[in-house]
1. Can you name the number of the only condition in (1) closer than 30 Å to ALA194 by Cβ; (2) part of a loop (DSSP other than H, G, I, E, B); (3) in contact with a Leu (Cβ under 9 Å, 6 or more places away or on another chain) that THR86 fails?
2. Criterion first (of a type in the set (Phe, Trp, Tyr), modelled with pLDDT of 85 or more and over 18 Å from ASP156 (Cβ atoms)) does PHE73 satisfy it?
3. What residue, among those in the range 67-81 that are touching a residue at least 60 places away in the same chain (Cβ under 8 Å) and buried (at least 16 other Cβ atoms within 10 Å of the Cβ), is nearest to VAL52 (Cα to Cα)?
4. Has the range 122-144 got at least one residue that is at pLDDT below 95, under 22 Å from PHE57 (Cβ atoms) and in contact with a helix residue (DSSP H, G or I) (Cβ under 6 Å, 6 or more places away or on another chain)?
5. Out of all the residues in the range 152-168, is one or more buried (at least 16 other Cβ atoms within 10 Å of the Cβ), under 26 Å from ASP99 (Cβ atoms) and modelled with pLDDT under 50?
6. Could you tell me whether any residue of the range 97-119 is modelled with pLDDT of 90 or more, under 24 Å from MET19 (Cα atoms), among the charged types (D, E, K, R) and not in a loop (DSSP other than H, G, I, E, B)?
7. Having 2 or more residues that are modelled with pLDDT of 90 or more and surrounded by 13 or more Cβ atoms within 10 Å (Cβ to Cβ) is the bar; report the strands (runs of 3 or more DSSP E) wholly within the range 1-66 that clear it.
8. What tally of residues in the range 93-125 results from selecting those that are in contact (Cβ under 8 Å) with a residue 24 or more places away in the chain and among the small types (Gly, Ala, Ser)?
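The values are calculated or read from the model by the stated rules, or taken from the named source; none is laboratory data. No experiment lies behind these values; they were computed from the predicted model shown. Cβ coordinates were reconstructed from backbone atoms using ideal geometry, including for glycine residues, and neighbour counts include every protein chain displayed.
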Amino acid sequence: MASRASDSRDIKPTSFRVMGSKGMVYFTPKAARFRYDEQRDTWEAVREPAGVFVEFFRRCGNRFERFSSSPFFLGGRDLGSVLAATGDENRSVDFLSRDEKRKFSVGFNSEDAIKPVSLRLELFPGTPDGQTKDTEAAEEATGGKGDRDSPATASDLEVAMRRSELLHLQGFLREILPAVYGWQVLEDPRRVVAFASNPD
């Protein structure tokens, strides 16, 4: 039996991570979901946004801690902006969360010539995200005057990467787009089984 070469239609959503000295960033795709309509005897797309979740983890010694209590979501238009990002100075690509409490940026890192590209998550004042027991302990130890630069009380986390890593990230996003948006299902409806949503 002859084997068929794999192509983009066979790609299933997988995660991609960027490691840095201060932390780690995880990119996790959320695929389009489909459900079988018994009355119409057909598959239909479930109205849920497809895209990519971005999660930041800060480095604490030999381990990583989740920096924000919830991941940042990038939709189709956002992914297009990331694909067009260059990481050059004065050309930052910024995304604001729906609740306007967090900002994710792909920009320029002026502190490291080897890793000039920056992935940054900023938590605005008053945001409960990133608050942990470590934060409470730090505030108690400093009389409520926590050090802003301390990992436990920082309001932003920046992970630097090489330009080659940005190209790898963009390549990953291009490859998973068919799986995220279910384009291979449009080409071959039999593939819908892999993307079927669980019944309510």
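1. (1)
2. In short, yes.
3. LEU79
4. Checked the range 122-144: no residue is at pLDDT below 95, under 22 Å from PHE57 (Cβ atoms) and in contact with a helix residue (DSSP H, G or I) (Cβ under 6 Å, 6 or more places away or on another chain).
5. yes
6. Yes: one or more hits.
7. The qualifying strands (runs of 3 or more DSSP E) are 16-19, 23-30, 51-60, 63-66.
8. 2
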